[in-house]
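Please read the structure below before turning to the comments.
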């Protein structure tokens with residue numbers, strides 16, 4: 001469903017992505033992880049055509065989203081930073097986006113209920129807490145039933161109830177056949193819902209595999225410790 005090859009991007013002298021390649025299959029949740037500044041958000045923005053790569057191939061269901069608007073309509077995107085018009089309400093924002101995409105939103109009521117947004121629907125977005133904005137952003141990403149979901153730190157700022165409900169929902173979306181790519185610094189979330197992870201370091205894809213297999217291979221009690229162990233070993237190798 002999603003194919004990426006030789007994806008490269010520089011911001012000035014800094015290499016954000018260096019010939020990254022991967023393939024995402026339907027009915028899977030893939031976690032994109034790595035240290036700050038490793039290129040995770042740049043990959044998601046490249047898939048959404050919000051960042052233009054210097055070179056590389058991107059295919060969404062065989063289509064190039066940079067050239068084919070139809071490919072972009074296959075995506076549901078939740079950004080890391082919620083740059084909402086502060087004077088608008090969540091309801092207005094959802095209606096506006098629905099009008100732009102001209103697609104049905106059969107599950108928007110269910111999502112509003114799931115995240116407990118009903119009391120906030122008429123409030124100005126500028127008055128909402130960060131966690132509530134996260135719930136709004138997640139609803140916007142999921143409400144069109146897009147076959148590919150791109151989620152950047154989706155549980156960041158969410159309370160435990162909302163975070164748990166979101167992870168349960170992502171499992172349901174996976175069973176419906178969707179392709180899900182999420183960025184996260186929460187290794188607990190990755191271990192809980194991820195079928196596969198992609199580890200980035202300084203713009204390079206350095207490891208991919210099943211989270212539990214990586215924990216077993218590294219002989220650590222948690223995924224967080226396994227990834228830390230791998231990254232520290234790589235840094236020692238570079239120093240030596």
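Bridge orientation summary for segment 104-240: considering DSSP beta bridges with both residues in this region, about 50 percent are antiparallel.
Calculated on the alpha-carbon coordinates, the convex hull of segment 101-240 measures out at 143 cubic angstrom per residue. Relative to the longest principal axis of the Cα atoms of the chain, the long axis of helix 130-142 lies at roughly 90 degrees. In the chain, the DSSP-assigned H stretches of four residues or longer account for a calculated mean residue ellipticity at 222 nm of -11500 deg cm²/dmol, using -39500 (n - 2.57) per stretch and the full residue count as denominator.
Most simply put, the chain has about 50% antiparallel DSSP beta bridges, counting only bridges with both residues inside it. The angle between the Cα long axis of helix 223-239 and the main principal axis of the chain comes to about 50°, on a 0 to 90 degree scale. Kirkwood radius for the chain, taken over all pairs of different Cα atoms as the inverse mean of 1/r, rounds to 18.6 Å. Computed from the Cβ-Cβ distance with R0 of 22 Å, the FRET efficiency linking residue 81 to residue 234 stands at 0.15. Listed by Cβ neighbour count within 10 Å, with the fewest neighbours leading, 185, 87 appear as 87, 185. Within the listed set 220, 139, 42, the Gaussian network model of the chain (springs between alpha-carbon atoms below 10 Å) gives the highest mean-square fluctuation for 220. Quick check: the angle from helix 90-101's long axis to the longest principal axis of the chain, C-alpha only, nearest 10 degrees? Tilt relative to the chain: about 80 degrees.
Readers should treat all values here as calculations from the given coordinates under stated rules, not as data from a laboratory. Remember, it's a predicted structure, so these values are computed and weren't measured experimentally. Neighbour counts run over all protein chains shown; Cβ positions are idealised from the backbone, glycine included.
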